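Peer 1: There's a structure below that I have some questions on.
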Amino acid sequence: MSPRRRLLDRAFAAAAWLCAALTVGCVVSVFAFVGREALPALVARPGAPPPRALVAPGLGSAFTWQPVGRRPKFNVVPLAVGSAKVAALALALAAPVGVAAACALAFLVSRRARRWVKPVVELLAGVPSVVLGYLALTVLAAWVQALTGCRYRLNALVAAAGVALAITPWIVTLADEALRAVPRETLEGAYALGASRAQVVLGVALPAARPAILAALLLAFGRAVGETMIVLMASGNAPVLRPLDPTASARTLTATIAAELGEVADGSHHRAVLFLLGAVLFVGTLALNLAAERVVARASRRES
Amino acid sequence: MNARALDRAFHAAAWGALGLVLAATALVVGPLAARGAPHLTWRFLAGRPSADLADGGVLPAIVGTAVCTLLMTVAVLPLGVGTAVFLSEYAPSRSRAARVVRASLRNLAAVPSVVFGLFGLGFFVLGVGRGLDRLLYPALGPVFGRPCVLWSAATLAALTLPVVAVTAEESLRAIPRAQREAAAALGATRAEVVLRVALPQARGGILTGAILAVGRGAGEVAPILFTGVASFAPDPPTDVRDMFMHLAHHVHVLATQAHDLDAARPALEASALTLFLVTLGLNVVALVARDRTRGGRP
Amino acid sequence: MRPPASLALAALAACSGRYGAGAQARGAEAVVVRGSDTMLALLQRWAERGGARVQVTGGGSGTGLRALADGTADIAAASRRIEPAERDAVRARGRGDAVEHVVALDAVALYVHPSNPVAALTLDDARALYRGRVDRWGALGGPDVPVVLYGRESSSGTYAFFKERVLRHDDYAAEVQSLPGTSSVLQAVARDRGAVGYAGLGNARGVRAVPLRADASAAAASPDVTSVREGRYPLARPLYLYTAGAPRASAARWIAWVLSPAGQREAAAAGFVAAAEAAP
């Protein structure tokens, strides 16, 4: 072999290893960087509120997020609750509809119809989230107010409806794949025993696909938690702590970062807290992904 | 509940849900197209924005989006394909290296876009940018150390890396082993097998990944918000250190900061439609390319 | 094409000559203005007609002053005065102290839905509203509708100004909805019968501005150009452009134009009061 070819071989291998290393480096540096900038918020510093003020209630049991002012208050509880509330509501809206629609797509729709139905569903996935946010702000807000007569036009429910629009196509696609992955023999066996279509789907297919569907729902929840533009435009962004009221406004972790990052000074407590919110988001979505993987892994181990 | 009633209920619920999803799609896309289309004139697409953004066009936003995503693609393609080549050609499937890289890709895909914005501002703009300034322009004001299209593209590249790497790896794995073995039997080095046999055949999948990445990059606002986008930059970016306008950001600005929303609504709806058509077009092309390379599995 | 290619591209682009010492001396670099959303339309107008290459981005007065201190903006547009801590941050950059230019006058008005007939409010009423102490408009002479409070994000100069002058540094109620720009506040108020929002002057459509009085004994003044010019409106405020030390040639030329009669005419056309016309 000529030395040139050998050199090329070696260089190419090195390049591939380098790319892989850079990929790992990428995620590590995101994690490390965000974490490093967030650390000052967790350490007691002079002139800044103590770290325990991040979660503990202030005077009169108030959980207040008011980062700008003479005495800034950085309690993150309303923000975390806001994120969880919007994401949970969105999942509550999207999951039943999405899974049921996936059942229809996988079992009831003819092969010919599937050829155009699936792309139409994926069309919804292609709508950018700013556009969904604008839609939520104008149309969905009016509908929700007409339906519920709620006091606040921009609230957690409106934002959740917008986010539900964003995550439903994901759930439909992933659940559909999960349902179609159930082995034909299993289904045909059930049919052979005289089961109706509904009994086969509800009694055989869904339970068999349950781990994958659960994983899909966890991923969708993670996506809902990470959604920024829709909640920024449609949730009202008020840091209210009302976990059980869907028609109260909410302020999420993501919208807070997007709205406040521009004005924070280097080295300020506010900046460190915003990075802490980012770290919380990062770790949270990572945990959800890990849980999803574990669910699938455990199920496949059980089968084999 | 007897079997017949259950069957009926199931059919009703499933068809109803599917119908709801399709109706939702129609209700989102329909008005978007209907209201935006009349204002989608040539003057709108090729004009510059006016001062209050309500009149005038979106050419700088279109060019800005194009420049940003082009730079992003230049950055992410080599890195993503290289990683895919590593996973499919160089690292044994169960090895620790492969698992670490795969886990990194999955974790990267899980990061919310706003956290990428945080990372981009702190690492690229204020970290790498300031470092470059100290090296190249020590006595001047910030040149690289401020938001510009270069850093927005870098941030988006980090965001879309998983998409490119995963689709490229998928298409590399789809190539039958026999081809690689045949080439090796003929005396090709590992590099030549990849470069001459595998990569050319994986072109479709790589293209798909690139297009999906571009589709995502054109629609995300949070990562570019603090790393380079401007609300009003009537001259399109001609240098990587310029700030730029972006279609998705433009929609956001018009929706929340337009001075007179009624006057701006036509521009807003046309911009939203343009943005949607761009991302839709890209996704359709990617779908078609993917179907063709997969053999038409719907 | 491997990563080095991308670096090569960047290096090539870096030689375009539009950045760097030569370009800065020639004034070829664009002037970057960042800050107040209240001033966004005005700034864009000035950018379009002021003769220099100007790029404008919003984000709020706080964001603009932050960018000025970081060096990522040439000019900070602010609808409130710069804070001492921000002055220190600018000075710490080493390019000089922050220089203040008053470029127009504005007023912060309270807007309600057109169907809300509430006659006039004192500053104390406004304070009670935004502290969350008023539940229904009936308590203030309006219809029996629940109060819905709209405001701006904390990066906004208007937010800070309102907090200082009306709330007297107390906290806003948690229920105040934070919207990203002036026009989102006005849009929200226009659609909500019980809404109230604060925003600057200038082409407010679909809403009704409530006359304000400083206290129960003063006369109520409507927020318009005349009352601001004559000093009768209690919440008038100057609009500022800040630079760090002496601005670059192109930036200085643009600011000079903004302060000239031509620039001030644009300010008046945008619905603000020209800086020179204020009552002392």
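Peer 1: Filter the range C:48-81 down to the residues that are in contact with a Ser or Thr (Cβ under 9 Å, 6 or more places away or on another chain) and β-branched (Val, Ile, Thr), then identify the one that is farthest from the other protein chains (Cβ to nearest Cβ).
Peer 2: Filtering the range C:48-81 for residues that are in contact with a Ser or Thr (Cβ under 9 Å, 6 or more places away or on another chain) and β-branched (Val, Ile, Thr), the one farthest from the other protein chains (Cβ to nearest Cβ) comes out as C:Ile75.
Peer 1: Condition first: within 14 Å of chain B (Cβ to nearest Cβ), touching a residue at least 60 places away in the same chain (Cβ under 8 Å), farther than 30 Å from A:Val264 by Cβ and touching a Ser or Thr at 6+ places or on another chain (Cβ under 9 Å). Can you find one or more residues in the range A:85-93 that meet it?
Peer 2: yes
Peer 1: Filter the range C:86-109 down to residues that are in a helix (DSSP H, G or I) and out of contact with any strand residue (DSSP E or B) (no Cβ under 8 Å at 6 or more places or on another chain) and give me whichever is surrounded by the most Cβ atoms within 10 Å (Cβ to Cβ).
Peer 2: C:Ala89
Peer 1: Could you check the range B:109-131 and list, in sequence order, the residues that are over 30 Å from A:Ile230 (Cα atoms) and touching a helix residue (DSSP H, G or I) at 6+ places or on another chain (Cβ under 9 Å)?
Peer 2: B:Val128, B:Gly129
Peer 1: C:Gly197 is checked against (1) at pLDDT below 85; (2) open to solvent by less than 20 Å² (accessible area, probe 1.4 Å); (3) not hydrophobic (A, V, I, L, M, F, W, C) and fails just one. What number does that condition carry?
Peer 2: The failed condition is (1).
Peer 1: On the phi > 0 side of the Ramachandran plot and open to solvent by 10 Å² or more (accessible area, probe 1.4 Å), is that true of B:Gly204?
Peer 2: It is false that B:Gly204 is on the phi > 0 side of the Ramachandran plot and open to solvent by 10 Å² or more (accessible area, probe 1.4 Å).
Peer 1: If you don't mind, another one. So is B:Gly228 facing chain A (nearest Cβ under 9 Å), open to solvent by less than 20 Å² (accessible area, probe 1.4 Å) and within 30 Å of C:Gly59 (Cα to Cα) or not? Give the steps one after another, and end with the answer.
Peer 2: Values: facing chain A (nearest Cβ under 9 Å): no; open to solvent by less than 20 Å² (accessible area, probe 1.4 Å): yes; within 30 Å of C:Gly59 (Cα to Cα): yes.
No; evaluated as a whole, the condition is false for this residue.
Peer 1: Pairs, please: C-beta under 9 Å, at least 6 apart or cross-chain, first residue among the acidic types (Asp, Glu) and in the range C:113-129, second assigned to a helix (DSSP H, G or I)?
Peer 2: From the range C:113-129, the pairs are C:Asp125/C:Leu140.
Peer 1: Pick out the one residue from B:Arg134, B:Arg102 that is under 18 Å from B:Gly205 (Cβ atoms) and among the basic types (Lys, Arg).
Peer 2: On the way: B:Arg134 fails: under 18 Å from B:Gly205 (Cβ atoms).
Of B:Arg134, B:Arg102, the one residue that is under 18 Å from B:Gly205 (Cβ atoms) and among the basic types (Lys, Arg) is B:Arg102.
Peer 1: State all residues of the range A:200-209 that are more than 8 Å from chain B (Cβ to nearest Cβ) and surrounded by 17 or more Cβ atoms within 10 Å (Cβ to Cβ); if no residue qualifies, say none.
Peer 2: A:Val200, A:Val204, A:Ala205, A:Leu206, A:Ala208, A:Ala209 - these are the residues of the range A:200-209 that are more than 8 Å from chain B (Cβ to nearest Cβ) and surrounded by 17 or more Cβ atoms within 10 Å (Cβ to Cβ).
Peer 1: Hey, can you tell me all the residues within the range A:29-65 that are among the β-branched types (Val, Ile, Thr) and surrounded by 14 or more Cβ atoms within 10 Å (Cβ to Cβ)?
Peer 2: Matches in the range A:29-65: A:Val30, A:Val34, A:Thr64.
Peer 1: On the basis of being part of a loop (DSSP other than H, G, I, E, B) and surrounded by 14 or more Cβ atoms within 10 Å (Cβ to Cβ), does A:Arg151 make the cut?
Peer 2: yes
Peer 1: Let me ask something else. The conditions are (1) outside any helix (DSSP H, G or I); (2) β-branched (Val, Ile, Thr); (3) within 11 Å of chain B (Cβ to nearest Cβ), and A:Val68 fails exactly one of them. Which is it?
Peer 2: Exception for A:Val68: condition (3).
Peer 1: Quick one: in the range A:247-299, of everything that is among the charged types (D, E, K, R) and closer than 30 Å to A:Ala208 by Cβ, which residue is farthest from the other protein chains (Cβ to nearest Cβ)?
Peer 2: In this case the residue turns out to be A:Arg298.
Peer 1: Quick one: in the range B:233-249, which of the residues that are in a helix (DSSP H, G or I) and open to solvent by less than 10 Å² (accessible area, probe 1.4 Å) is farthest from the other protein chains (Cβ to nearest Cβ)? It would help to see each step written out before you state the result.
Peer 2: Filtering the range B:233-249 for residues in a helix (DSSP H, G or I) gives B:247-249.
Imposing the further condition that a residue be open to solvent by less than 10 Å² (accessible area, probe 1.4 Å) reduces the set to B:247-248.
Values: B:Leu247: 9, B:Ala248: 5 Å.
The residue in question is B:Leu247.
Peer 1: Could you say whether any residue in the range A:34-46 is at the interface with chain B (Cβ under 10 Å from one of its Cβ atoms), within 25 Å of the chain's Cα centre (by Cα) and β-branched (Val, Ile, Thr)?
Peer 2: Taking the range A:34-46 as the starting set, the residues that turn out to be at the interface with chain B (Cβ under 10 Å from one of its Cβ atoms) are A:34, A:36-38.
Going one step further and asking which of them are within 25 Å of the chain's Cα centre (by Cα), we end up with A:34, A:36-38.
Remaining after also requiring β-branched (Val, Ile, Thr): A:34.
Looking through the range A:34-46, at least one residue is at the interface with chain B (Cβ under 10 Å from one of its Cβ atoms), within 25 Å of the chain's Cα centre (by Cα) and β-branched (Val, Ile, Thr).
Peer 1: So if I check each of C:Arg248, C:Arg253, C:Arg265, which one is open to solvent by 10 Å² or more (accessible area, probe 1.4 Å) and farther than 25 Å from C:Asp97 by Cβ?
Peer 2: Being open to solvent by 10 Å² or more (accessible area, probe 1.4 Å) and farther than 25 Å from C:Asp97 by Cβ holds for just one of C:Arg248, C:Arg253, C:Arg265, which is C:Arg265.
Peer 1: Quick one: in the range A:9-28, which of the residues that are among the aliphatic types (A, V, I, L, M) and under 12 Å from B:Thr83 (Cβ atoms) is most open to solvent (accessible area, probe 1.4 Å)?
Peer 2: If we take residues in the range A:9-28 being among the aliphatic types (A, V, I, L, M) and under 12 Å from B:Thr83 (Cβ atoms), then A:Leu18 is most open to solvent (accessible area, probe 1.4 Å).
Peer 1: OK, next. May I ask you to verify whether C:Val118 is within 21 Å of C:Leu235 (Cβ to Cβ), within 24 Å of the chain's Cα centre (by Cα), at pLDDT 90 or above and surrounded by 15 or more Cβ atoms within 10 Å (Cβ to Cβ)?
Peer 2: no
Peer 1: In this structure, does A:Val120 turn out to be within 30 Å of A:Ile213 (Cβ to Cβ), at pLDDT below 90 and assigned to a helix (DSSP H, G or I)? Reasoning before the result, please.
Peer 2: Values: within 30 Å of A:Ile213 (Cβ to Cβ): yes; at pLDDT below 90: yes; assigned to a helix (DSSP H, G or I): yes.
When the stated conditions are applied, A:Val120 passes them.
Peer 1: Checking A:Val158 against (1) in a helix (DSSP H, G or I); (2) away from chain B (no Cβ under 14 Å); (3) open to solvent by 30 Å² or more (accessible area, probe 1.4 Å), which test does it fail?
Peer 2: So the condition that A:Val158 fails would be (3).
Peer 1: Oh, and also: Can we say C:Leu129 is open to solvent by less than 40 Å² (accessible area, probe 1.4 Å), of a type in the set (A, V, I, L, M, F, W, C), assigned to a helix (DSSP H, G or I) and away from every other protein chain (no Cβ under 14 Å)?
Peer 2: Yes: the conditions hold for C:Leu129.
Peer 1: Related question: Take the residues in the range A:105-116 that are at the interface with chain B (Cβ under 7 Å from one of its Cβ atoms) and surrounded by fewer than 24 Cβ atoms within 10 Å (Cβ to Cβ), then tell me which one is modelled with the lowest pLDDT.
Peer 2: Step by step, filter the range A:105-116, then rank; the result is A:Arg115.
Peer 1: Which of the following residues is open to solvent by 30 Å² or more (accessible area, probe 1.4 Å) and over 17 Å from A:Thr285 (Cα atoms): A:Arg223, A:Arg197, A:Arg251?
Peer 2: A:Arg197
Peer 1: To continue, here is another question. When you go through C:Gly151, C:Gly181 one by one, which is the residue that is open to solvent by less than 10 Å² (accessible area, probe 1.4 Å), modelled with pLDDT under 90 and within 18 Å of the chain's Cα centre (by Cα)?
Peer 2: C:Gly181
Peer 1: Quick test for you: out of A:Pro67, A:Pro72, A:Pro51, pick the one residue that is without any contact (Cβ under 8 Å) to a residue 40 or more places away in the chain and either more than 30 Å from B:Ala109 (Cα to Cα) or of a type in the set (Ser, Thr, Tyr) (or both).
Peer 2: A:Pro51
Peer 1: I've got another one for you. Find the strands (runs of 3 or more DSSP E) located wholly in the range C:137-255 whose residues include 3 or more that are of a type in the set (A, V, I, L, M), and list them.
Peer 2: Per the criteria, C:195-200, C:236-244.
The values are calculated or read from the model by the stated rules, or taken from the named source; none is laboratory data. Everything numeric in this text was worked out from a predicted model, so none of it was measured. Methodologically, a virtual Cβ is constructed for each residue, glycine included, from the backbone with ideal geometry; neighbour enumeration extends over all protein chains shown. These accessible areas exclude ligands, DNA and RNA; they are computed on the full protein's heavy atoms, side chains included. Shrake-Rupley method; radii C 1.70, N 1.55, O 1.52, S 1.80 Å.
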